[in-house]
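Here's the structure we're looking at; comments come further down.
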Amino acid sequence: MGHYVLYPSDMVLSPRLSKYSGFTSNFYKSLCSQELYFSNPTTFNDPFEPAVLVMEKTNDEFLISFLANTIMSCLCIDSDNLKLWSYYADGLRGICIEFDSESLIQNLCKSIQLKYNSDKRIKDYGLTTDWLYGFYVKYSENNIPLDFEEFLGSSEEEKIKFFATKPKIFEGENELRLAILPKKERDPTSEKAGQKWFSKNQGFKYEKSAIKSVIFGEKADFENIKAVKNVLGDSIDYKMAFAQPDNYSIKLKPLD
């Protein structure tokens, strides 16, 4: 079976992807190990996360296992997003790491044991997973209806759409998700198969060269800035994000 990096047919991959964070212990752990973390969507904060809603409504063992063993990483396409600096980067006290999209995904594929090529398809395969999906989140007033039987019988391409809907209140986050789905030929109820699932919070390595810039919020503590620079060195393009109260925007400037 071939393994794939798969995007929707009409999707244009943003040249850069950003990850916002506060200066937490988990942030420093991922920074020092140069890993992008993937988590199970049932652990996300949004109470209307589709996976959370379905887990509450279904008794289907396969579907429960499928949802419980899918892992995702959430990024966005811009580094000057006021909402994200407010919510995810501790009110401009945190940080945003901006990646080169192609380099990041190539690095992740290597870490996940997939072989990436520029036409967004994989030839040959590793032993870890069937798919690495990339898709933009769509924002809706209403949650998507779900027919469980139809969902179970659908292709991986259709299944992934299920994870791509969030409430309209989050519109403007410009979110892109990378998802790893379980291998479809495994029996998720068997002890042998269960040993092959990813953990619910797992990091995959990237090279430092995949980082295009590192942006600190204007309220970031100097000791945190110093700690990040000690880890990454002087070759990184460092910037500072400043709030612009006259037009409710964020302006990026080179770090002095």
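Give region 37-65 a look and list any residue that's under 17 Å from the mean Cα position of the chain (by Cα) and over 25 Å from Lys168 (Cβ atoms), or say none.
Tyr37, Phe38
Before we move on, is Gly94 at pLDDT 95 or above and either open to solvent by 40 Å² or more (accessible area, probe 1.4 Å) or over 17 Å from the mean Cα position of the chain (by Cα) (or both)? If you could, list the steps in order and put the result at the bottom.
Values: at pLDDT 95 or above: yes; either open to solvent by 40 Å² or more (accessible area, probe 1.4 Å) or over 17 Å from the mean Cα position of the chain (by Cα) (or both): yes.
Yes, satisfied.
Can you name the residue in region 97-120 that is assigned to a loop (DSSP other than H, G, I, E, B), open to solvent by 30 Å² or more (accessible area, probe 1.4 Å) and not hydroxyl-bearing (Ser, Thr, Tyr) and is also modelled with the highest pLDDT among such residues?
Step one: of region 97-120, the residues assigned to a loop (DSSP other than H, G, I, E, B) are 113-120.
Subset that is open to solvent by 30 Å² or more (accessible area, probe 1.4 Å): 113, 115-120.
Still in the running and not hydroxyl-bearing (Ser, Thr, Tyr): 113, 115, 117, 119-120.
Numbers: Gln113: 71, Lys115: 50, Asn117: 47, Asp119: 46, Lys120: 44.
Among those residues, the one meeting the criterion is Gln113.
Do you know which residues across region 207-218 are open to solvent by less than 10 Å² (accessible area, probe 1.4 Å) and within 17 Å of Ser21 (Cα to Cα)?
As a first pass, look at region 207-218 and keep what is open to solvent by less than 10 Å² (accessible area, probe 1.4 Å): 210, 213-217.
Within region 207-218, Ser213, Val214, Ile215, Phe216, Gly217 meet the criteria.
Of everything in region 32-68 that's open to solvent by 30 Å² or more (accessible area, probe 1.4 Å) and assigned to a loop (DSSP other than H, G, I, E, B), which residue is modelled with the highest pLDDT?
Gln34
Residue by residue through region 200-219, note down the ones that are aliphatic (A, V, I, L, M) and closer than 24 Å to Pro245 by Cβ. Show your work before the answer.
If we filter region 200-219 for residues that are aliphatic (A, V, I, L, M), which is where we start, we get 210-211, 214-215.
Within region 200-219, Ile215 is the sole residue that qualifies.
For Ile225, which of the numbered conditions (1) in contact with a strand residue (DSSP E or B) (Cβ under 7 Å, 6 or more places away or on another chain); (2) not in a helix (DSSP H, G or I) fails to hold?
(2)
The values are calculated or read from the model by the stated rules, or taken from the named source; none is laboratory data. All figures in this text were calculated on a predicted structure; none of them were measured in a lab. FYI the Cβ positions are ideal-geometry reconstructions off the backbone, even for glycines, and counts take in every protein chain you see. SASA here: full protein model, heavy atoms, side chains in, ligands and nucleic acids out. Shrake-Rupley method; radii C 1.70, N 1.55, O 1.52, S 1.80 Å.
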